[in-house]
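To keep things clear, I will list the structure first and then write my remarks on it.
The values are calculated or read from the model by the stated rules, or taken from the named source; none is laboratory data. This is a predicted model, so every value here is computed, not measured. Ideal geometry is used to build each Cβ from the backbone, glycine not excepted, and the neighbour counts take in all protein chains shown. The accessibility values were calculated without ligands, DNA or RNA, using every heavy atom of the protein model including side chains. Shrake-Rupley method; radii C 1.70, N 1.55, O 1.52, S 1.80 Å.
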Amino acid sequence: MSKPRSLALPPRTRAYRLSTVRGEFAVLDTAPPADFPRHGTALLLPGFTGSKEDFLGLLSPLSEAGFRTVAVDGRGQHESPGPRGRAAYRRKALALDAVAQAAALGDGPVHLLGHSFGGLVSRAAADLAPEAFVSLTLLSSGPGRVPRGQRARVRALRTALAVASKEQVWAATRWLDSRGEEPGSADPPEIVGFLRSRWMGTRIAQLSGAGRLLIGDPDGTAALRELTLPLHIAYGDGETVWPVAELAAAAALTGAHHTVVDGAGHSPNVSHPAELAERLAAFWDLSANLSAPDPTATDPSSTGLGSAPSDGLSSGTPGADAARSRPAAPGAAADGRAATGRAGAPPR
């Protein structure tokens, strides 16, 4: 769903096949500079019709913040092999893939981020094996299926794939790859070529299976409230797939850390990578502090992370009785508001 603006690999980035107990997956793996302290490892899962290249803009700033950052093509996506059968793309199968990818990186629990459809997979993975992850970030991804208008579009795409060739469908699906970008923007030839190559390289079964989940996935708000991992819900104030009000409500109901990126659409990872990376790195550092045992602490609030942030990061807070089993959300505001991505900006 994202459209990268450049295909240049950042410094210290390796492109390779990650071997896991569930097969091989194409990844982009960016290490922090050698003289930088390591803060952890992040695994990034792309959205519907997307790929690891959707995160190219994030790799450098996140690695320079001390995080080994690994973006992956899921099974059947772009450069990762995948079976032809639809059963291989069910929710649990994709969740098990993410757990296996995290384990294969060899760094212990990782920070997990899913963009759009990748958020659905990330939710399932965190629910299945929370011990594999330090935190969960849902980027431009709601707690359940896409809204009615988007469901109609996904159904149309699945129908088209069943009766037409991928080449024929390609011309009619450019809108999927350009959502969240500036209307009418001209794509350089190398980007157009990449988008077509990505589309043609992605398995029809993967597109159909992902589409089926996007239109039928049940609401997961209750499961997110019970999740024991630090949770982060982030999106642009111009989000075009899930209603902004629905995402804000999910952040409030689950007690999630809440980031709104001003001026961004469905793909802040493409349009505002530096700002988003700053928000992510701050959340991940706070999450690591929450995960570390503190023998002097008697409850999560003793970490001081449940107070309003002082650095301009946006935040969110639990509603009444929400997220009882999760540690206090990093940066959760004390007055019950969900702030925007600007320091000092009024709540939306």
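The figures follow:
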{"read-out": "Residues of segment 88-109 satisfying the condition of being open to solvent by less than 20 Å² (accessible area, probe 1.4 Å) and outside any helix (DSSP H, G or I)", "value": "L105"}
{"read-out": "So R12, is it among the basic types (K, R), under 23 Å from K166 (Cβ atoms), open to solvent by 60 Å² or more (accessible area, probe 1.4 Å) and touching a helix residue (DSSP H, G or I) at 6+ places or on another chain (Cβ under 7 Å)", "value": "no"}
{"read-out": "Yes/no for L112 being open to solvent by less than 20 Å² (accessible area, probe 1.4 Å) and either on the phi < 0 side of the Ramachandran plot or part of a strand (DSSP E or B) (or both)", "value": "yes"}
{"read-out": "Subset of segment 67-87 [assigned to a loop (DSSP other than H, G, I, E, B) and not hydroxyl-bearing (S, T, Y)]", "value": "D73, G74, R75, G76, Q77, H78, E79, P81, G82, P83, R84, G85"}
{"read-out": "Restricting segment 205-248 to residues that are surrounded by fewer than 20 Cβ atoms within 10 Å (Cβ to Cβ), within 17 Å of the chain's Cα centre (by Cα) and β-branched (V, I, T), the residue that is nearest to A126 (Cα to Cα)", "value": "T221"}
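Here's the yes/no breakdown for (1) at pLDDT 85 or above; (2) within 21 Å of the chain's Cα centre (by Cα):
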| site | (1), (2) |
| --- | --- |
| S141 | yes, yes |
| A152 | yes, no |
| A160 | yes, no |
| A164 | yes, no |
| V169 | yes, no |
| R174 | no, no |
